[in-house]
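In what follows, a single structure is set out as structure tokens and then discussed.
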Amino acid sequence: MEHMKLTGSYIGSVVKSIVVIGIIASVPWVCHQAGTTKKSRQAAPGFKLGAESLSSELIHSLIPTRSNTYAAGLVTNVVGAEGTSLRVADLLRHYGVPISTMFVPQQEQGVTLPTSNAEIAVYGWPLQGPIPLAARTALAGLAIVFVDIQDMGMREGCGALLLPLMRQAAQHHCTVVVLDRPNVLGSGMEGSVVAPGVTTNIPVPVRHGMTIGELARYCNTHVLTQPVDLRVVPMQAYRRSASYTKPQCVLSQGTPLAAWYGYSFLSLLREVTPLDVGIGTENAYQCILLPERLKFPKHAWYDLQELLKNYGIESKWHHCFNTQQRQYYSGLRVQVSDIDHVSSLRVVLALLTFFKDAGINLSFSPRFDAAVGTTSVRACIQGSLSREQLAHEIHESLQLFYSKARDSFMYAPFPRLTKV
């Protein structure tokens, strides 16, 4: 079935686990998080998400026609919510926007959404690969599409669907309105953009430090050959920082911040075997593990524990059974307290070098080069490229991107470049 008609039933928990790229990037902001104090995660008075800034007057200025017959769509996460816990689709309908079509990240399709109004047709939109004909046809019939997705700050997240969506919208003269949200990983910008011969969905750094609205502005100005009619509804009183979060707005479905922060480097590490990052367990993207059959010595894990402290990462011994892999793993469970002071690429290089020097035979998946944006990281680990050559290549790539992207930044401070 290529699309579903959704009625008013509500399923309280629709996303139960974290799956690479799609599910992690799909989780929106809602009103609850245990273990995070208001004092440690306060934002300035008046801080509002883009969705919270909507008003009847603003909506009227955004719609492409004064007719009441225009068709509108929404790109959001399955449990898309704004700060008051109302779903964005319901919020837009409250302001008279006739939302009739919804697009969700492909991995989230197949669940029932809460609705309180007329039926909505829902289509999956892939993070990678070709866009299904049904989704393209549905978008072609819209005059305006609102975008309210929570991206996690890495290139291969929900932001990856942004560029193909904008390209399709431009072809069909559809206005795109982005309701901006914070970057969970804060201000850090690092890693290669896209080296020649490496294919990726969106040409930005591995960790880009930008909001979804800024990504849209960059793509519209510097990537699309046919720009779309783009409007960005900015956040109010926002400053770029991972800890700069409205006290009551946090990550949903019980997903801990540790998983989001861990994803910033463990999503790259998962492309290297026999290393494991806990996918298939309750601690996905919070672990650095090896199969117990390899008999990696425990004292070596303690050496790694001390090494990680130098990069701002605390850890403790961890042992688990992975039901997907059907074997036992041992290693470390990691905890990042301040992601603004952790360099994702430096950590990846340190980990890969550590395991190589410890005698672990590392095998890189075909997706590793795409994930890091260059073949040079693998070449550096394998010894055919020096660390200095790698640093020079990545720094040049970052500087070029930054100079182009400056006109897309909307918030202070601007993203902070991190060298290898």
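Each value in this text was obtained by applying a stated rule to the coordinates, not by laboratory testing. Values in this document were obtained by computation on a predicted structure and should not be read as measured data. With ideal geometry, Cβ positions are generated from the backbone for all residues, glycine too; neighbour counts draw on all protein chains shown.
Here are a few things to note about the model shown:
- Selection among Asn310, Ser384, Phe355 by position relative to the dipole of region 257-412 gives Phe355 as farthest towards the positive end (Cβ unit charges, Cα centre).
- Projection of the Cα convex hull of region 314-386, averaged over all directions and equal to a quarter of that hull's surface, yields 6.6 nm².
- Of every Cα-Cα pair in region 278-420, the percent that sits beyond 25 Å: 39 percent
- Positive minus negative residues near Glu388 (Lys, Arg vs Asp, Glu; Cβ under 15 Å): +1
- Bridging of Lys419 to aspartates and glutamates at a Cα separation below 12 Å is possible for Glu190, Glu388, Glu393, Glu396, once same-chain residues fewer than 8 apart are set aside.
- Comparing Cα centroids, region 113-187 and region 265-300 end up 32 angstrom apart.
- Count of Lys pairs (Cα-Cα under 22 Å; at least 8 positions apart or interchain) in region 257-412: 7
- For Ala358 and Arg239, the FRET efficiency from 1/(1 + (r/R0)^6), where r spans their Cβ atoms and R0 equals 56 Å, is about 0.85.
- Förster radius 30 Å - calculated FRET efficiency between Lys404 and Gln382 (Cβ-Cβ, nearest 0.05): 0.45
- Residue order, fewest to most beta carbons within 10 Å, for Leu161, Leu304: Leu304, Leu161
- Estimated at 0.36 nm per residue, the fully extended path between Thr323 and Tyr302 surpasses their Cα-Cα distance by 5.0 nm.
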